[in-house]
Amino acid sequence: MNRRERQAVILRLVQDRAISTQSELAQALRDEGHDVVQTTVSRDIGELGLVKVRAPSGRLVYAAPGAGDADRLRAIGAAMRRYAIGVEAASGGLVIVTTPSGYASALAQAIDEGGHPSIAGTLAGDNTIFIAAKDGTPGRELCDELAGHLADGAA
């Protein structure tokens, strides 16, 4: 099997299975009859640009680049519905999110881990989060998007 064929198999495997480690991936390839060593798998992971994303089980698993973006954004939405009680735009590209007392840090962490393309970062207190929009992203637009997550949870 040549490199291109092996890498095509790797992409299929990470799409079809929850594979968390290089050794699991090497074993999955061997189970399909491909003779590989972990160093080859490691090089293939780098060349393919595989990333780790959180599976529904909570485990970090390999995925093709960009495959986890929608999942990460869904995770931000779920965290907003779980913890946020209000969202408002402030001047200078800031968005203020309020939570019940003690929940701001958990929500800010979920937002940071989500890697939203329009969010530069968060700063959390006890029940308030300041979210800084990246340059070129209007705070009002980001506010409306985040507030939309709260509306998604309303029945």
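With Cβ to Cβ distances under 12 Å as the rule, what net charge do the other residues near PRO138 carry (K, R +1; D, E -1)? Before the final figure, lay out each step's value.
Working: positive: LYS134, ARG140; negative: ASP135, GLU141, ASP144, GLU145.
Around PRO138, the charge tally is -2.
What order, most packed first, do the peptides 137-143, 94-100 have when packing is the mean number of other Cβ atoms within 10 Å of each residue? Mind showing how you got there, number by number?
On the way: 137-143: 17.1, 94-100: 19.1.
Result, highest mean Cβ count within 10 Å first: 94-100, 137-143.
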- prompt: Using the beta-carbon distance between ASP35 and LEU60 and R0 = 30 Å, what value does 1/(1 + (r/R0)^6) give for FRET efficiency, to the nearest 0.05?
  reply: 0.65
message: Per residue of region 98-107, what does 6.51 cos²θ - 1.76 cosθ + 1.60 with θ = phi - 60° give for ³J(HN,Hα)? Whole Hz please, x for Gly and Pro, Karplus curve as stated.
response: 10, 9, x, 3, x, 9, 4, 5, 5, 5
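First select every other residue whose beta carbon is under 12 angstrom from the beta carbon of VAL37; then total the charges, Lys and Arg +1, Asp and Glu -1.
Working: positive: ARG6, ARG30, ARG43; negative: ASP35, ASP44.
With Lys, Arg at +1 and Asp, Glu at -1, the net is +1.
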statement: For the chain, longest principal axis from Cα atoms; helix 38-48 axis from its Cα atoms; angle between them, nearest 10 degrees, is 50 degrees
query: Taking the Cα atoms only, what angle lies between the long axis of helix 69-83 and the longest principal axis of the chain, rounded to 10 degrees?
result: 40 degrees
- prompt: Using the count of nearby Cβ atoms within 10 Å as a rough guide to exposure, how do TYR103, TYR83, TYR62 rank from fewest to most?
  reply: TYR103, TYR83, TYR62
- prompt: Taking the Cα-to-Cβ direction at ARG43 and at GLU88 and moving 7 Å from each Cα, how far apart do the two end points lie in nm?
  reply: 5.9 nm
- request: Could you tell me the convex hull volume per residue, in Å³, taken over the Cα atoms of region 1-128?
  value: 117 Å³
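Rule-based calculations on the coordinates, nothing more; no lab input. This structure is a prediction, so every number in the text was calculated from the model and none was measured. Every residue, glycine as well, gets a Cβ built from its backbone with ideal geometry; the counts of neighbours run over all protein chains shown.
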